[in-house]
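The values are calculated or read from the model by the stated rules, or taken from the named source; none is laboratory data. Keep in mind that this is a model prediction, so the values were computed, not measured. Using ideal geometry, Cβ is built from the backbone for each residue, glycine included, and neighbour counts are taken over all protein chains shown.
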Amino acid sequence: MQIRNPKDLVAGLLFAAFGVLAVVVSSSYAMGSASRMGPGYLPRALGVLLIAFGAALALRGLRPGAGARVRWNVVPLLVVLAAVGLFSVAAKWLGVVASTLLLVVVASAVSGEFRWRESLISGLVLGAAAVAVFVYALGIPLPVWPAFVGR
Amino acid sequence: MERGWRSTMQRWCLGVAMLACAAAALAQTYPSKPIRMIVPWPPGGGVDTAARLISQPLSERLGQPIVIENRPGVAGNLGTAQFTKEPADGYTLLMGSLSPNAVNPHLYSKLGFDPVKDFEFVALMYYVPSFLVVPANSPANSAKDLVEMARKNPGKLNFGSGGVGSSQHLFGVMFNTAAKIDAVHVTYKGTAPAEAALVAGQIDYMIDPPTALPFVTSGRMKALAVASKQRSVSLPDVPTLDEVGIPGVYTSTFYGIMAPAGTPKPIVDRLNKEINAILQTPDMQARLAKASAQSHNWSPQEFADFVKGEIERYREIVRLSGAKQVD
Amino acid sequence: MDLLANLALGFGAALTPLNLLYALLGTLVGTLIGVLPGIGPVATVAMLLPVTYGLPPLTALIMLAGIYYGASYGGSTTAILVNLPGEMSSVITVIDGHQMARQGRAGVALCVAALGSLFAGCVATMVIAAFAPPLAEFALRFDAAEYFSLMVLGLVSAIALAHGSLLRAVLVTLLGLLLGIVGTDPNTGIARFSFEIPELMDGIGFVAITMGLFAFAEIAINLESAARRGAIAERISRLWIGWPEFRQAFPAVLRGTAVGSILGIFPGGGATLSAFASYTVEKKVAKDPSRFGKGAIEGVAGPESANNAGAQTSFIPMLTLGIPSNAVMALMIGAMIIHDIQPGPDVIRKQPELFWGLIASMWIGNVMLVVLNLPLIGIWVRLLRVPYRLLYPVIVLVCTIGAFSANNNMFDVWVAMAFGALGYVLLKLDCEPAPLLLGYILGPMLEDNLRRALVLSRGDFTVFFTRPVSLAMLLAAAALLALVLAPAIRRRRDTVFAERE
């Protein structure tokens, strides 16, 4: 059988999976009584609803209809998230300036029109701006310089 | 032999003298850079307000700015646990309070810090008593009335709190146990919604900190008793629970400055001296009186003993409340 | 007569050069900081609180209120320009506001938001001046059962938000409700879905979710195709609103103001709900609801007015009773205590010039906001001309630091990353993220009030139907649901196949 609408099917299954997760995890929480509803009541109800409606959506995807294919291109997503992740790990010991440079260069890499010089300059300018705005003006507790330099 | 002993002695004396000098020097140069004060709660609210109240006069006296850093999370545990890992150099302080420092050790199995060993107790700022309050239209006009009402209708009355394990919850349990009554606990998300519900008569009573005072003075709530050893300065006509025959319900929500364990004693002493001096100023005393707050001019040791006593006291109260140990 | 005398007293107290200066300063700083995503009104007010210590109490409160308005408006600016809601109430503005920007109408959207807010702010302030005490009494009558029914009504409106498939909207809302539940259960102290991670015990942060769902996911989608990248920069037309647009927007502003003024008085989420409710209203009264989600001006005008009206009337519980209705109000109360003012029902009687001065300053603040922001619109719009390859790393950076700043914890950044991935998948599968946020906001309140209502009624489910206000709201929810479902069912019968081109 050919799947007619993979978008509906995938979305339905995704939500149903969240529902299953909710039911499984909340199975250890007490259901409580009517006068003192337990912490497990709503999560389980929501989980069941997610499974039911998710299944309905998935089934709709199997119905005959014009198939809308999903085109995945996850490279930009992964690179952007990698840039954010790098910053989150580096900020504490490399400081804001260096981590900003890192974030900007990595994130720019997937712009489709990446230029080394431009992104380096942009990174440095933004690093300086981030220090001025976030560290000094707003007092966000992040080091400016790498931990192993000076202090 | 004798000479040797004497020279050792001399050296030892010299050493002590030098140490003392160094310590004195340390206390004299301290603080040489801005001080951070961690508030393990979001901005607004009692602990944050206490920190903001002391930070300005303290920074004037120390000659260095004091930056308040809000690190909220898990009823104050997250910020407190992070705080204990900061360097013990006097440049990171904590605004400690009842919940994270004395109650949570009994509520959370994974606290992330030791409530006694991980701290230098610098100075008590103040503590506040709680009041037994009822809605303005409540039929109860005294604590005795309320207890009778509750005994006639077991399980019918509702008492409110700002959440499971919150101070109002534990105080409520203390009161119910002492008065031997059975009432239903209704939780709200924080003190303010609980107070609104009490004003609206949706719940019957609450043991509430002085945030309830404006409601009492404006006639929206009735204060039937104060849950402390002495009457409150702000409501001198309101009897203590001891006086009306419900003994032993003492509530003191404390706020105090703490430093990470190992902070040099001269620094702790210096901070203690300055904070107490600020608290003794007439302006501050007037403010504290208005909020029904009490300061004590305690030494670091007296403050430490007080906190340790509270930690012990709440072990049993938390058990009685039935609030679960969570991890 | 009394009202006029009181207002005269208020304006007399508020209209000093010093107060005006600080009102201007507050709105300016608030706008500038509010434009930074992740740093919303709460953080901004908290940060600038120490600045106000040395000021007279009224001046301090006027400045803080100015910061609050400015930061709220700044959140809407980023919502329109870069698809990034700065705070809960601007989540809705994203839907049509950013579409308008994509069509080159960013200036018009910003202009409508500013003027709508001004109008709503002025009317709502009038409401406060005239009716604050009785409205506060009315809000007090709301018990847990009423709040639950209000939340149900809000949830139904989430489904009405969707301009695509209803089933998807329901599912996204359900997922949002589930996400809202993560964290320590306030009724038992049990940590739910926290997977032994201490940071999750307080739940998932709003900032982290929006940064991921809106900023990171949107950027990833934009980067996939060159066509979407250049979309904004190339066509920017007018900055100022035209007469036909004004005629379209004005009724929406009126309705939004009414909705916001009413909902704002309910502590805990009233003001947030108002933007959602207004959007639902607009979509329902529109002749052609299909324009919504594609840059309908009413979709910006209504919610923006509602959220500002709500922001004003949310002062009512604090001013009259000393009960903070949101985190900003809690901070204002903290500020009052530091200034040695005991907030509470006594303020209006004992310090009338403070009370009425603050109300007068709301007018002043709203006017300042517009005076300040209309010229800024030109600058904001010019920002969109920056090539996307240079712009998006800036957004990523600012969002990353913004997510960190919510709790000064890198964990929130990681949560934002996870939601970036989820948001990308949802967008790919044609699921809109806005209902997820509504579910997330309403979820905890819904559960909390449901459980409290049942504790208070000792397990009797009929409370929701025997209390008249609660019943009325449930009936309204049912009617709305029928309204939403009816056309969908009809359409499906007619065009089962045509529905998916």
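At-a-glance table
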{"read-out": "Total residues in region B:255-273, condition assigned to a loop (DSSP other than H, G, I, E, B), buried (at least 17 other Cβ atoms within 10 Å of the Cβ) and hydrophobic (A, V, I, L, M, F, W, C)", "value": "0"}
{"read-out": "Residues that are at pLDDT 85 or above, surrounded by 15 or more Cβ atoms within 10 Å (Cβ to Cβ) and in a loop (DSSP other than H, G, I, E, B), drawn from region A:1-29", "value": "A:TYR29"}
{"read-out": "So B:GLY73, is it within 11 Å of chain C (Cβ to nearest Cβ), over 16 Å from the mean Cα position of the chain (by Cα), on the phi > 0 side of the Ramachandran plot and surrounded by fewer than 20 Cβ atoms within 10 Å (Cβ to Cβ)", "value": "no"}
{"read-out": "Those residues of region C:413-432 which are at the interface with chain A (Cβ under 9 Å from one of its Cβ atoms), touching a residue at least 24 places away in the same chain (Cβ under 8 Å), closer than 25 Å to B:LEU78 by Cβ and not small (Gly, Ala, Ser), in sequence order", "value": "C:VAL413, C:MET417"}
{"read-out": "Enumeration of residues in region B:143-156 that are surrounded by fewer than 21 Cβ atoms within 10 Å (Cβ to Cβ) and either assigned to a helix (DSSP H, G or I) or among the hydrophobic types (A, V, I, L, M, F, W, C) (or both)", "value": "B:LYS144, B:ASP145, B:GLU148, B:MET149, B:ARG151, B:LYS152"}
{"read-out": "Among (1) within 24 Å of C:ALA418 (Cα to Cα); (2) more than 9 Å from chain C (Cβ to nearest Cβ), the one test that A:LEU142 misses", "value": "(2)"}
{"read-out": "Boolean, C:VAL347 is surrounded by fewer than 23 Cβ atoms within 10 Å (Cβ to Cβ) and either among the polar types (S, T, N, Q) or over 21 Å from the mean Cα position of the chain (by Cα) (or both)", "value": "yes"}
{"read-out": "Residue in region B:130-140 that is under 17 Å from the mean Cα position of the chain (by Cα) and either under 30 Å from B:PRO300 (Cβ atoms) or in contact (Cβ under 8 Å) with a residue 12 or more places away in the chain (or both) present", "value": "yes"}
{"read-out": "Lone unmet requirement of (1) within 14 Å of another protein chain (Cβ to nearest Cβ); (2) under 20 Å from C:GLY270 (Cβ atoms); (3) under 20 Å from the mean Cα position of the chain (by Cα) for C:VAL172", "value": "(2)"}
{"read-out": "Qualifying positions in region A:110-132 - within 10 Å of chain C (Cβ to nearest Cβ) and either surrounded by 18 or more Cβ atoms within 10 Å (Cβ to Cβ) or in contact (Cβ under 8 Å) with a residue 12 or more places away in the chain (or both)", "value": "A:VAL110, A:SER111, A:SER119, A:SER122, A:GLY123, A:LEU126, A:GLY127, A:ALA130"}
{"read-out": "Index of the failed condition, B:VAL326 passing every other in (1) under 23 Å from B:PRO214 (Cβ atoms); (2) modelled with pLDDT under 90; (3) within 14 Å of another protein chain (Cβ to nearest Cβ)", "value": "(1)"}
{"read-out": "Of all residues making up region B:173-196, the number that are buried (at least 24 other Cβ atoms within 10 Å of the Cβ) and more than 7 Å from chain C (Cβ to nearest Cβ)", "value": "5"}
{"read-out": "Qualifying positions in region C:164-193 - without any contact (Cβ under 8 Å) to a residue 12 or more places away in the chain and among the hydroxyl-bearing types (Ser, Thr, Tyr)", "value": "C:THR188"}
{"read-out": "Selected residue (criterion: surrounded by the fewest Cβ atoms within 10 Å (Cβ to Cβ)) from residues of region C:457-471 that are assigned to a helix (DSSP H, G or I) and out of contact with any Asp or Glu (no Cβ under 7 Å at 6 or more places or on another chain)", "value": "C:PRO468"}
{"read-out": "Elements of type helices (runs of 4 or more DSSP H) in region C:1-103, at least 1 residues being within 30 Å of C:PHE214 (Cβ to Cβ)", "value": "C:17-34, C:41-48, C:57-82, C:91-102"}
{"read-out": "Subset of region A:53-72 that is at the interface with another protein chain (Cβ under 7 Å from one of its Cβ atoms) and modelled with pLDDT of 85 or more - its residue that is surrounded by the most Cβ atoms within 10 Å (Cβ to Cβ)", "value": "A:LEU57"}
{"read-out": "Filtered residues of region B:107-136 (kept if of a type in the set (S, T, N, Q) and either surrounded by 21 or more Cβ atoms within 10 Å (Cβ to Cβ) or part of a strand (DSSP E or B) (or both))", "value": "B:SER130"}
{"read-out": "Filtered residue count, region C:330-347, keeping only those that are part of a helix (DSSP H, G or I), facing chain B (nearest Cβ under 8 Å) and free of Cβ contacts under 8 Å to residues at least 60 places away in the same chain", "value": "3"}
{"read-out": "Unique match (being modelled with pLDDT under 85 and among the basic types (Lys, Arg)) among B:ARG52, B:ARG3, B:ARG61", "value": "B:ARG3"}
{"read-out": "Region A:18-42 - residue that is touching a residue at least 24 places away in the same chain (Cβ under 8 Å) and more than 9 Å from chain C (Cβ to nearest Cβ) and, of those, nearest to C:VAL182 (Cα to Cα)", "value": "A:VAL23"}
{"read-out": "Residue in region B:255-267 that is assigned by TED's automatic domain parsing to the domain that holds B:ASN104 and either farther than 22 Å from B:LEU93 by Cα or touching a Pro at 6+ places or on another chain (Cβ under 6 Å) (or both) present", "value": "no"}
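Each row is one residue, and each column tells you yes or no for (1) aromatic (Phe, Trp, Tyr); (2) touching a Gly at 6+ places or on another chain (Cβ under 9 Å).
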site	(1), (2)
C:VAL51	no, no
C:TYR68	yes, yes
C:GLY75	no, yes
C:LEU81	no, yes
